[in-house]
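Novice: Provided herewith is a single structure, encoded as structure tokens, for subsequent inquiry.
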Amino acid sequence: MLKSIDAGVLHISFDDAGFADGWPVILLHGFPYDIHTYSEIIPILSAKGARVITPYLRGFGPTRFLDEQTPRSGQQAAIAHDLLALMDALNIESAHLVGYDWGGRAACVVAALWPERVQSLVSIGSYAIQDIASAMKPAKPEDEFPYWYQYYFHSERGRNALIEDRRALCHLLWEQWSPSWQFTEETFEQSAASFENPDFVDVVIHSYRHRFGLVAGDPAYSQTELALTKLPSIGVPTIGVDGGDDGLTRAGTRAHTSHFSGSYLYRKIDGAGHNLPQEMPHELVDLILQLKGVTSISGS
């Protein structure tokens, strides 16, 4: 059921499924996707006794800023504070967090800085906290070229492309990042409707410029960003996951192990691309339930 609530600087829209007193799990989407990425996962977890919260991130879908004066920031600290504010508004002391891309970054930040709020973490992309101080250090050319869209967004030409034809641009990213996923136009359009949020362009452009140190962040999150410069380790029970066919993070994230100081497992799911929750929902559910200690769907 789609609900909404004032939380921090946002009026957040979110899907609320399962029993109100179920074990809480929060599913977090990335760019350029929305909550439909978890459509098959939500009912399975609900049937396993979970309360499943799936929010639209800032700049997506029906989620809106409460104040016109609030900076339309897409920085990592902002989306992490949005997650904390939502948990506070819903009186959720701690939860199991699942996320990828932007959502995985928010989950990693909260797990690293506020571990008491996190019971377990499934992070698609493993350690997603950005090392902004090292952003100008180039990667290998073969690892750089999938990030063309980020460099595009650094220019006003890229901003204008997002304004004028965001559906075509995002459709191309879906194709490039999930080369083995034969999604339908109907599936794409379900999520693409969320890109019509009036703050989508500003939030996206700020996100991809801030992570390279090209623009300032929202001063409200300066202390959190300062803490993140130390690349804090994550000590909560975690499974890091990669899609074997992810066209964006081609090298994978197996090497992220050193960023986790607690129980940590790494898994690669062959045949899945960047939008792993929508491409391989049952495989992801099994990992979530493994951390929770619930019988997996394959063994139920």
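Novice: Determine the pairs where a residue that is more than 19 Å from residue 194 (Cα to Cα), located within the stretch 1-21, has a partner that is of a type in the set (D, E, K, R) and in a strand (DSSP E or B) with Cβ atoms under 8 Å apart, the partner being 6 or more residues away or on another chain.
Specialist: 17/51; 18/51; 19/51; 20/51; 21/51
Novice: I'd like to check something: does the stretch 250-265 contain any residue that is modelled with pLDDT under 95 and aliphatic (A, V, I, L, M)?
Specialist: Within the stretch 250-265 (the criterion being modelled with pLDDT under 95 and aliphatic (A, V, I, L, M)), the answer is yes, since at least one residue qualifies.
Novice: Additional query: Filter the stretch 43-66 down to residues that are surrounded by fewer than 16 Cβ atoms within 10 Å (Cβ to Cβ) and farther than 16 Å from residue 5 by Cβ, then give me how many there are. Talk me through it step by step, then tell me what you get.
Specialist: Going residue by residue through the stretch 43-66, those that are surrounded by fewer than 16 Cβ atoms within 10 Å (Cβ to Cβ) are 43, 47, 49, 62, 66.
Next, from what is left, pick out any that are farther than 16 Å from residue 5 by Cβ: 43, 47, 49.
Number of matching residues: 3.
Novice: Additional query: What do you reckon, is residue 120 under 18 Å from residue 264 (Cβ atoms), of a type in the set (Ser, Thr, Tyr) and modelled with pLDDT of 95 or more?
Specialist: On the way: under 18 Å from residue 264 (Cβ atoms): yes; of a type in the set (Ser, Thr, Tyr): yes; modelled with pLDDT of 95 or more: yes.
Yes.
Novice: Among the residues in the stretch 55-71, are any at pLDDT 95 or above, among the β-branched types (Val, Ile, Thr) and farther than 17 Å from residue 109 by Cα?
Specialist: Kept after step one, since they are at pLDDT 95 or above, are these residues of the stretch 55-71: 55-71.
The next check asks that each one be among the β-branched types (Val, Ile, Thr); those that pass are 63, 70.
Of the ones still in play, those that are also farther than 17 Å from residue 109 by Cα are 63, 70.
Among the residues of the stretch 55-71, at least one is at pLDDT 95 or above, among the β-branched types (Val, Ile, Thr) and farther than 17 Å from residue 109 by Cα, which makes the answer yes.
Novice: Also, quick follow-up: Could you check the stretch 194-206 and list, in sequence order, the residues that are touching a helix residue (DSSP H, G or I) at 6+ places or on another chain (Cβ under 7 Å) and either closer than 12 Å to residue 76 by Cα or without any contact (Cβ under 8 Å) to a residue 24 or more places away in the chain (or both)?
Specialist: Within the stretch 194-206, just 204 meets the criteria.
Novice: Filtering the stretch 59-110 down to residues that are under 19 Å from residue 221 (Cα atoms) and polar (S, T, N, Q), which residue is nearest to the chain's Cα centre (by Cα)?
Specialist: Per the stated criteria, the residue is 76.
Novice: Sort out which residues of the stretch 142-158 are surrounded by fewer than 15 Cβ atoms within 10 Å (Cβ to Cβ) and either outside any helix (DSSP H, G or I) or touching a His at 6+ places or on another chain (Cβ under 8 Å) (or both), and write them in order of number. First the steps, then the outcome.
Specialist: Restricting attention to the stretch 142-158, the residues satisfying the condition of being surrounded by fewer than 15 Cβ atoms within 10 Å (Cβ to Cβ) are 142-145, 147-148, 151, 155-157.
Listed by number, the list holds a single entry, 155.
Novice: Sticking with this structure for a sec: I need the full set of residues from the stretch 22-46 which are touching a residue at least 40 places away in the same chain (Cβ under 8 Å) and of a type in the set (Ser, Thr, Tyr), in order please.
Specialist: Result: 33, 37, 38, 39.
Novice: When you check residue 101 against the structure, is it free of Cβ contacts under 8 Å to residues at least 12 places away in the same chain and under 22 Å from residue 199 (Cα atoms), yes or no? Can you show your working first?
Specialist: Values: free of Cβ contacts under 8 Å to residues at least 12 places away in the same chain: no; under 22 Å from residue 199 (Cα atoms): yes.
The answer is no for residue 101.
Novice: Could you please give the count of residues in the stretch 103-117 that are surrounded by fewer than 24 Cβ atoms within 10 Å (Cβ to Cβ) and in contact with a strand residue (DSSP E or B) (Cβ under 8 Å, 6 or more places away or on another chain)?
Specialist: Initial filter on the stretch 103-117 (surrounded by fewer than 24 Cβ atoms within 10 Å (Cβ to Cβ)): 113-117.
Checking which are in contact with a strand residue (DSSP E or B) (Cβ under 8 Å, 6 or more places away or on another chain) leaves us with 115, 117.
The number of residues fulfilling the criteria is 2.
Novice: Also: Could you look through the stretch 104-127, keep only residues that are touching a residue at least 40 places away in the same chain (Cβ under 8 Å) and assigned to a loop (DSSP other than H, G, I, E, B), and pick out the one that is nearest to residue 38 (Cα to Cα)?
Specialist: The first filter runs over the stretch 104-127 and keeps only residues touching a residue at least 40 places away in the same chain (Cβ under 8 Å), leaving 104, 106-109, 111-113, 115, 118-127.
If we keep only those that are assigned to a loop (DSSP other than H, G, I, E, B) too, we end up with 125-127.
Working: 125: 17, 126: 18, 127: 21 Å.
Out of the qualifying residues, it is 125.
The values are calculated or read from the model by the stated rules, or taken from the named source; none is laboratory data. For clarity, every value in this text was computed on a predicted model and none was experimentally measured. Every residue, glycine as well, gets a Cβ built from its backbone with ideal geometry; the counts of neighbours run over all protein chains shown.
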